[in-house]
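The numbers here are math on the coordinates, done by the rules we state, and not lab data. These numbers come from a predicted model, not from an experiment. All Cβ positions, even for glycine, are placed from backbone atoms using ideal geometry, and neighbour counts span all protein chains on display.
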Amino acid sequence: MAKYAILINWTEQGVKNVKDTVTRYQAAKQMVESMGGTFDAILWTAGPYDMVAITDVPDEETATAINLQLAAAGNLRTLTMRGFTEDEMTGIISKMG
């Protein structure tokens, strides 16, 4: 499984429908789970991003499909970063010359 940190901003449509944000998250959670992933964390934030999520998904293709499906609904835009656990980073470092 691959971890991703996702920075989320609402679109104008997302802001207009802000009262539905928790319901939209619950639907997104079900969609991610149906694709073999999980949300490790979700936070609604104050600052330059409206939300931050940490997901665990099977692979990069699944992560991309999830982000595209979420964006297609028109309520948000994402900035996604691949994250590495302590064990993964230890393995990466061990490959260095």
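Structure values in brief
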{"item": "Sequence-distant residues sharing a close amide H with Ala2 (under 5 Å, placed H)", "result": "Val57, Asp59"}
{"item": "Degrees separating the helix 21-34 axis from the principal Cα axis of the chain, which is the longest one", "result": "40"}
{"item": "Under-5 Å amide H pairs with Tyr49, H placed in peptide plane, nonlocal only", "result": "none"}
{"item": "Dipole moment magnitude, nearest 20 debye, the stretch 2-89 about Cα centre, only Lys, Arg, Asp, Glu C-beta charged", "result": "520"}
{"item": "FRET efficiency, 1/(1 + (r/R0)^6) with R0 30 Å, evaluated for Ile93 and Ile42 via beta carbons", "result": "0.50"}
{"item": "MRE, 222 nm, helices only [DSSP H, n ≥ 4, -39500 (n - 2.57), over the chain, to nearest 500]", "result": "-12500 deg cm²/dmol"}
